[in-house]
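First up is the structure itself, then whatever we jot down about it.
Since every read-out is calculated from the coordinates, none of them should be taken as a lab result. Remember, predicted model here, so these are calculated numbers, not experimental data. In this analysis, Cβ positions are derived from the backbone assuming ideal geometry, glycine residues included, and neighbour counts consider all displayed protein chains.
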Amino acid sequence: MHIDRFEISSGEKIAIVGPSGSGKTTLLDLLAGIRSPTAGEIIFNDVNLHELNDAQKRKFRASKIGLVFQEFELVEYLTVNDNILLPYLINKQIKRPPKINNRVVELARSVGIEDKLSRKPLRLSQGEKQRVAICRSLIHQPDLLLADEPTGNLDAANKQKIVSLLIEQAEREQSTLIVVTHDQSLIDRFDRIVDISEFGN
Amino acid sequence: MDSLIYLAVKYVCHYWVKSVILVLCITLAIFLPVAGTAVLDQVQLQLKSRAESTPKVIGAKGSRFDLTLHALYFDVVPPETIRYEVDKTVRDFGYGRVLPIYRTYHIGEDKTPIVGITLSYFDFRNLQIADGDFFGRIGHCVLGSKVAKRLQKSVGDDFVSQPQRAEDITSSGNVKFQVVGILSPSGTSDDDVVFVDIKSSWIIDGFGHGHEDVETVQDRDKLLSRDDKRAIVNESVAKFIEITDENIGSFHFHSSLSKLPISALILDPVDEKSATFLTDKINEIDYLQIVEPSVEIEKLIEKIFRVKTLFNIASAAIFIVTGLFLVLNTLLSIRLRSREMITMYKIGCGRFTILGLFVWEYLIVILLSVLLALLLSTITVEYVQQMILQMIR
C-alpha cells in the first residue's frame, strides 16, 4: 500500500471503503501504532509514531486510541462491566479516574445496555456485544476511535443502530472517528468517504 | 498487579471445570510424594522409637519378628508361650529389670487386647495416669487413652472380657473388670490396650477362679464328698465372674504360678555388658530366644525403604505426567486464547503483562493445589499411618 499524504482533522468522521485485501485494516493498524510503515511517517497531534518505541506506542494506544473490532473481541470470562473497564485493568500506563464506575454506567446507559452490566458476553446478542465493545473503546476518552468493520457481524437493523451509536458517541466524546466498512448503505452518514483503492498499491 | 490477579481469579472461576481438573491433577502430583513420604517417615519414626525403648525381649523360640511385634504392639500372639518361671530365672541372673507380658482375651467389637503385666511396666514405659489410679489388685484394669475414648469408659465403669476364639471353651473367658484408671495419651500402642494385673489375665484364661466357699456347701446336689481334709464339689458350685473386695479371697490357682504362661518378657538390662551376658545365657536355653527389637525393626524398615523407593518412582512418574499435561494445557490455552491476547495487545497491553496474567492464573491454581494437597496430606498421614502400622502388625 502506498499513501502519498492522508490528513485527518480532529473530530472528523471518516468512512474507509475499498475491496477486500486493499489494506483497510492495515491502514487502521498503522494509525493505531500496531504496525509501523516501511517508509514514511505517521504524525498524530505533532507526535511522530515512527519515533516511539514499543512501550511508548502501547501507551499511545492505551491513552489516545479506541478500537472497535468486527468480531467484538470481548473477554468471555469477564462481565460487561469488566469488559468495558478492560483498558484500565490491563494497562498500567493509564491512570484510572476516581469515578470510573460512574462513567461505565453512563456509557452503558448511552448505548442502552445499562441493565446488562453484570452479564457475561455469552448471554448477549450480537448487537449488544458490539455496544459493549463501543463502550470499551470509549471508556478512556480516546482522541481517535478506529472501527474495523464494526457492522460486519450484524443484521441490517443493528448495522444502522451501531453506526448511529458510533457517530453519536464520537461526537459526544469529541473523538475523531474512522470506520472501515464494506457496506455502501452506511457511508453517507460520514463526513468524508475515503476509497483506499485510490491511494494505489 | 492487583488488576492482573483480579483478571486471573475471574478466569479461574469462569472456567471452573478446567480449573478443578488442573487443581486435582497438581494436587495429586504434590499430595502423593508429600503424604507418602510423611506417612512412611512417621511409620519409621514410630517403629524405631518403640523398638529403641524396648532393649531386649525374651520369648519362646519361633518367629523373631512375631515375638518383637507382640512385645511392642501386643497385636500378634506368639504361637508358643513360656512359663512364668522364666521370669524368676531371668530375674535371678540380676542383669536388669524384667517385665512379663501375657496377651489374653479382648474386649469390644474391635477386639482391643487385654494385656497382663506387672506395675513395673507402667514405670518402664513412663505411662502416666490421667484419671484414677493404677490397678491395686486382681479384677481391676487400666485403660489406654484411645480405648477409654473408643469404648466410652471412665473410672468406675466395668466391662466383661470376651473369649479370643469361639472354640475356646476350656477357659472362663468372661470375667467382669472394673476400670480404676485411664492412662494419659502416650502416642504409642499402649494407648490401645486394656492393662490388667498378670494374675487377672490368668484368671481370664481359666488358670484361676473364685467360687462360693466349699466348706460351707451343704447342698447334696453340689457336694460330692467331704472328709476332715477337704470337700469335693461338682461344677454346680457358683463361680464368681466378678472379682470384688468381698470375694477376692476365694480366688485361687490350681497350679503353681511359675507354671502359668506368659507370652514374652521384656528385659531392661542395667548396661551393655549385662545385655551381652543375658543374651548368652538365654541362648543356652534351647526353648527360649532373645531378640533385640531395634535390630528386628531395622530389617522391617529396610523393606519399607524399598517400598518407598518404588513409591518415589511412581510419584515422580505422576509428577512428570502432570507436568506434561500442564504444558499441553498451556499450549492449547495459548492457541484458544490467541485472539484475546491479540486484542489485549492492540488496546495497549504489554506482552509481559499478558504473560503475567497467565502466570497469575497458574499461580492461583498451583496455590489452591498446594493448600488442598497439604490439607489432604495432614488428614491422610494420621489415618494411613495407623493403617500401615496395623498392616505391619
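Mind checking the angle between helix B:16-52 and chain B's longest principal axis? C-alpha axes, 0 to 90 degrees, to the nearest 10.
30 degrees
Take A:Tyr88, B:Tyr6 and order them by how many other Cβ atoms sit within 10 Å, fewest up front.
Lowest count first: B:Tyr6, A:Tyr88.
On a full-extension model of 0.36 nm per residue, what is the gain between B:Ile285 and B:Ile379, subtracting their alpha-carbon distance, rounded to one decimal in nm?
Here the segment from B:Ile285 to B:Ile379 would lengthen by 29.0 nm.
Roughly how tilted is helix A:100-110, in degrees to the nearest 10 and between 0 and 90, from the longest Cα axis of chain A?
Helix A:100-110 sits roughly 80 degrees off the main axis of chain A.
What would the Debye equation give as log₁₀ I(q)/I(0) for chain B at q = 0.13 Å⁻¹, counting only Cα atoms as equal point scatterers?
-1.07
How many angstrom lie between the Cα centre of region A:1-55 and the Cα centre of region A:126-201?
16 Å
Across the residues of A:68-80, average count of Cβ atoms on other protein chains within 10 Å?
Per residue, the average neighbour count from other chains is 4.
For the Cα atoms of chain B, what angle does the longest principal axis make with the long axis of helix B:272-284, in degrees from 0 to 90, nearest 10?
Value to nearest ten degrees: 60.
Dipole size in debye (nearest 20) for region A:13-199 around its Cα centre, Lys and Arg Cβ +1, Asp and Glu Cβ -1?
I would put it at about 820 debye.
For B:Arg150 paired with B:Glu302, estimate the spin-label separation in nm (one decimal), with each label point 7 Å from Cα along the Cα-to-Cβ line.
Those two pseudo-labels are separated by 3.2 nm.
Just need the Rg to Rh number for region B:1-45, please, alpha carbons only, Kirkwood Rh. Display every interim value, and only then the final one.
On the way: Rg = 16.2 Å, Rh = 12.6 Å.
Rg divided by Rh gives 1.28.
Using a Cα-Cα cut-off of under 15 Å, which aspartates and glutamates could be cross-linked to A:Lys13, ignoring same-chain neighbours fewer than 8 residues away?
The reachable aspartates and glutamates, counting only those whose Cα sits under 15 Å from A:Lys13, are A:Asp143, A:Asp148, A:Glu149, A:Glu168, A:Glu171, A:Glu173, A:Asp188, A:Asp191, A:Asp195.
Taking the Cα centre of region B:96-153 as origin, sum charge times position over the Cβ atoms of Lys and Arg (+1) and Asp and Glu (-1), and report the length of that vector in debye to the nearest 20.
With only Lys, Arg, Asp and Glu charged at Cβ, the dipole is about 120 debye.
For an R0 of 25 angstrom, estimate the FRET efficiency from the Cβ-Cβ distance between A:Asn53 and B:Ile320 and round to the nearest 0.05.
The formula returns an efficiency of 0.05 here.
Want the number for B:Lys259 to B:Glu246: 0.36 nm per residue separation, take away the alpha-carbon distance, what's left?
Here the answer is 1.9 nm.
Going by how many other beta carbons lie within 10 Å of each one, how would you line up B:Ile248, B:Ile388, fewest first?
Sorted ascending by nearby Cβ count, the order is B:Ile248, B:Ile388.
When a footprinting reagent is the concern and you count Cβ atoms within 10 Å, what order do B:Leu67, A:Leu154 take, fewest first? Intermediate results must be reported in sequence, preceding the final value.
Numbers: B:Leu67 26, A:Leu154 22.
Ordered by Cβ neighbours within 10 Å, fewest first: A:Leu154, B:Leu67.
List, largest first, the extents of the alpha carbons of region A:13-199 along their principal axes, each in whole Å.
46, 39, 27
Per-residue mean of other chain beta-carbon atoms within 10 angstrom of the beta-carbon, peptide B:349-362?
If you average over the peptide's residues, the count of other-chain Cβ atoms is 2.
What lysines sit close enough to B:Lys149 to cross-link, taking a C-alpha to C-alpha distance under 24 Å and skipping anything fewer than 8 places away on the same chain?
In chain and number order, the partners are B:Lys111, B:Lys176.
For the pair A:Thr26/B:Leu310, report the inter-label distance in nm, with labels modelled 7 Å from Cα in the Cβ direction.
Going by the 7 Å Cα→Cβ label model, 6.6 nm.
What does the average come to when, for each residue of peptide A:87-95, you count the partner chain Cβ atoms lying within 10 Å of its Cβ? Write down the numbers at each step before the final one.
Working: counts 4, 1, 10, 14, 7, 7, 4, 1, 0.
Per residue, the number of nearby Cβ atoms from other chains is 5 on average.
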